[in-house]
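Colleague: If you scroll down you'll find the structure; I have some questions about it.
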Amino acid sequence: HRLFEAGNVDKARDTCDQALMFDPDHPGGLQLMDDIASESDRKQVAAWIEEARGELQKGQLDRAEALVAQARQLQPESEDVQHMQEAIDTTRREIERTRQIQETMRRARARFAEGGYEAAIRAGGEVLAIDPENVSAKDLQKRAQEAIEHAATRTERDAAAQSAVASARKLFESGDKDGAIKQLQSFTPKHDLVSAFLATLK
């Protein structure tokens, strides 16, 4: 008992074994052996959990989980074992979450580079569904939306320029050369198609 209370578990076990050789059914001796076994298990579990914590910090999740499995066999109800397993599970989820974000962002950037702005916005939305505060996804969505709006504006300007050129051509062909030139000169903002046709008329 004194050895056990002093924390010398191995020596306490050996001494208790000697005592039980004289009286194998001694209640106090048997109880003490149970206590020693429980303490021994507790120490072993604590050592495995500490080692598992170190492995987890190094990113060795499989090794950490194997140590927790060993600890669970000795003390299935241990809160330390349960907490360590939860920490491993949380880390696995975080790693998978990070992987999904990286893969989806890679796809979003590829769509953006190809000019697939709508697809890039959708992929950015997938990232934000996982990580609502992801700055890269928000920035990509913003740039893709701006590119869509810019493309729409350019299309409208191209159509307006074509219409202005067609109108000026009619004026020019009808003999109103000055009117055709003035009309093209007043076209804003400047457009390469209009500028080129104006130069031709001049």
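The values are calculated or read from the model by the stated rules, or taken from the named source; none is laboratory data. Since we're looking at a predicted model, the values are computed, not measured. Using ideal geometry, Cβ is built from the backbone for each residue, glycine included, and neighbour counts are taken over all protein chains shown. Accessible surface is based on the protein model in full, side chains and every heavy atom, while ligands, DNA and RNA are left aside. Shrake-Rupley method; radii C 1.70, N 1.55, O 1.52, S 1.80 Å.
Colleague: Any idea what angle helix 9-22 forms with the longest principal axis of the chain, computed on alpha-carbon atoms, 0 to 90 degrees, nearest 10?
Modeller: 30
Colleague: If you don't mind, another one. Lysine pairs in the chain with alpha-carbon atoms under 17 Å apart, 8 or more places apart or on different chains: how many are there?
Modeller: Lysine pair count for the chain: 7.
Colleague: With only alpha-carbon atoms in the gyration tensor, what are the semi-axes of the equivalent ellipsoid for segment 1-135, in Å, largest first?
Modeller: That gives 56, 11, 9 Å for the three semi-axes.
Colleague: So for segment 123-189, Kirkwood radius off the Cα pairs, Stokes-Einstein at 37 °C and 0.692 mPa s: how many µm² s⁻¹?
Modeller: 219
Colleague: Now for a separate question. How many percent of all Cα-Cα pairs in segment 1-70 sit more than 15 Å apart?
Modeller: Summing the P(r) of segment 1-70 above 15 Å gives 59 percent of all pairs.
Colleague: If contacts are Cα pairs under 8 angstrom and at least 6 residues apart, what is the relative contact order of the chain in percent?
Modeller: 9
Colleague: Here's something else I'd like to know. Counting helices only, and only those DSSP H runs with n ≥ 4, report the 222 nm mean residue ellipticity of the chain as the sum of -39,500 (n - 2.57) divided by its residues, in deg cm²/dmol to the nearest 500.
Modeller: Taken over the chain, the calculation gives -28500 deg cm²/dmol.
Colleague: Given bins 5 angstrom wide, list per bin the percent of all Cα-Cα distances in segment 161-202, short to long.
Modeller: 5, 29, 42, 19, 4, 0
Colleague: In Å², and per residue, what accessible area does the chain have when probed at 1.4 Å with the other protein chains present?
Modeller: Value returned for the chain: 66 Å² of accessible area per residue.
Colleague: With axes computed from alpha carbons, what is the tilt in degrees of helix 61-74 against the longest principal axis of the chain, rounded to the nearest 10 within 0 to 90?
Modeller: Computed tilt is about 30 degrees.
Colleague: What is the Cα centroid distance between segment 99-116 and segment 149-202, reported in whole angstrom?
Modeller: 40
Colleague: At a threshold of 8 angstrom on Cα-Cα distance, excluding pairs fewer than six apart, so keeping six or more, what relative contact order does segment 64-126 reach in percent?
Modeller: 22
Colleague: Would you work out which of THR98, LEU184, VAL127 lies farthest towards the positive end of the dipole of the chain, given +1 charges on the beta-carbon of Lys and Arg and -1 on that of Asp and Glu, about the Cα centre?
Modeller: LEU184
Colleague: Go through 142-154, 52-64 and give me the packing order, highest mean Cβ count within 10 Å leading.
Modeller: Per-residue Cβ counts within 10 Å, averaged per peptide and sorted highest first, yield 52-64, 142-154.
Colleague: Still on this structure, I have one more. Could you state the angle between the C-alpha long axis of helix 79-113 and the longest principal axis of the C-alpha atoms of the chain, as a value from 0 to 90 degrees rounded to the nearest 10?
Modeller: The angle comes out at about 20 degrees.
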